[in-house]
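To start, the structure itself, in structure tokens.
Laboratory data are not the source of any read-out in this text; all were calculated from the coordinates shown. Because the structure is a prediction, the values reported are computed rather than measured. Cβ placement follows ideal geometry from the backbone for every residue including glycine, while neighbour counts extend to all protein chains displayed.
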Amino acid sequence: MRILTFLGAIVAVISSLMYMLDTHLEKFYIFNPNQLHALSQSAIAAHGNDTRAVVDYIVAELSKTHPNHVNVEEEWVFNNAGGCMGAMTIIHASITEYLIVFGSAIGTEGHTGRHTADDYFMILKGEELAWKAGTFEAERYPQGAMHLMKRGEVKQYAMKEACFALEYARGWIPPMLFFGFADTFSSTLDFYTLWRTTLVTGREMLTNLAKMKL
Ligand SMILES: *[C@@H]1O[C@H](CO)[C@@H](O)[C@H](O)[C@H]1NC(C)=O
């Protein structure tokens with residue numbers, strides 16, 4: 001009985017803490033979706049379909065505007081989630097935000113995941129299709145467009161051919177990692193990739209935390 005009371009108290013404390021933090025999440029954000037969108041568009045305007053150069057341009061600009069919170073090393077890892085396969089490199093990861101380049105040179109299709117963060121998907125190359133259950137038409141996001149998935153929303157999405165995006169998520173990031181890792185256990189068994197992903201993500205989150213960036 002005492003244990004139950006204790007557990008109840010812990011749950012109450014944690015959930016009120018989460019609630020309090022939740023109403024102040026905005027304060028922890030250092031990136032802005034509209035600025036990132038504008039940056040992607042100017043990168044495309046400067047380098048078109050030379051996606052190598054587009055990515056370099058974006059990372060170089062961000063490392064000027066956010067010198068303490070941007071990872072300039074490209075560390076590409078495959079990612080399997082929701083039936084989709086792509087590769088990503090982490091530009092920033094903290095408790096409340098992440099910024100990655102994600103995509104596939106041959107396309108992929110699956111479940112977006114239902115997340116605890118708002119997700120802004122800015123297309124750098126190719127086109128993304130998405131749709132919601134209960135609708136009959138695809139949403140189309142061509143090069144330069146931004147696809148916002150609000151926290152809790154879920155869709156099916158597809159990149160029919162080569163497609164790369166700058167993906168920015170803001171909200172609670174740690175719970176999203178479970179979705180990002182689940183396919184390793186149920187499908188790929190690629191534990192080396194899981195290890196590298198965990199290492200890079202953990203390193204970035206802890207480095208940012210050490211700089212008081214939640
Ligand atoms: C990139 O290539 C696609 C397909 O060939 C083309 O439609 C698009 O206009 C190109 N974008 C730029 C910015 O050159």
Ranked highest first by the average count of other Cβ atoms within 10 Å around their residues, in what order do 149-157, 130-138, 100-108 fall? 100-108, 149-157, 130-138
For ARG151, enumerate residues with amide H under 5 Å from its amide H, sequence gap 5+ or separate chain, H modeled in the peptide plane. ASP118, ASP119
Which FRET efficiency, nearest 0.05, do LEU209 and THR23 yield, Cβ-Cβ r, R0 25 Å? 0.75
24 Å Cα cut-off, lysine pairs counted over the chain (separation 8 or more, or different chains): 15
In sequence order, what are the phi-derived ³J(HN,Hα) couplings for the stretch 182-192 according to the Karplus relation 6.51 cos²θ - 1.76 cosθ + 1.60 with θ = phi - 60°, rounded to whole Hz, with x for glycine and proline? 4, 5, 4, 7, 9, 9, 7, 6, 8, 6, 5
Taking a crude spin-label model, label points 7 Å out from Cα along the C-beta direction, the VAL11 to SER187 distance in nm is 3.3 nm
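About its Cα centre, how strong a charge dipole does the chain have in debye, to the nearest 20, once Lys and Arg get +1 and Asp and Glu get -1 at the Cβ? Please report the intermediate quantities before stating the final value.
Numbers: 17 positive and 22 negative charges, 128 e Å.
Using only the charged Cβ atoms, the result is roughly 620 debye.
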With a/c under 1.5 counting as rounded, go ahead and sort the stretch 31-210 into rounded, prolate or oblate using the C-alpha gyration tensor (a ≥ b ≥ c being the square roots of the eigenvalues; past the cut-off, prolate if a/b is larger than b/c, else oblate). rounded
May I ask you to compute the full-extension gain from GLU137 to TRP195, defined as 0.36 nm times their residue separation minus their alpha-carbon distance, rounded to one decimal in nm? 17.0 nm
Under the Karplus relation 6.51 cos²θ - 1.76 cosθ + 1.60, θ = phi - 60°, what is the ordered set of whole-Hz ³J(HN,Hα) values for the stretch 13-21, x standing for Gly and Pro? 5, 4, 6, 6, 4, 4, 5, 4, 5
With 0.36 nm assigned to each residue of separation and the Cα-Cα distance removed, ARG2 to GLU75 gains 21.4 nm
Exposure proxy order (Cβ contacts within 10 Å, fewest to most) of HIS37, HIS111: HIS111, HIS37
May I ask you to derive the FRET efficiency for GLU109 and ASN68 from their Cβ-Cβ distance with R0 = 45 Å, giving the value to the nearest 0.05? 0.75
For the stretch 167-214 and the stretch 1-55, write down the distance between their C-alpha centroids in whole Å. 13 Å
Can you tell me which of ILE14, ILE90, ILE44 moves the most in a GNM of the chain? Springs connect C-alpha atoms under 10 Å apart. ILE14
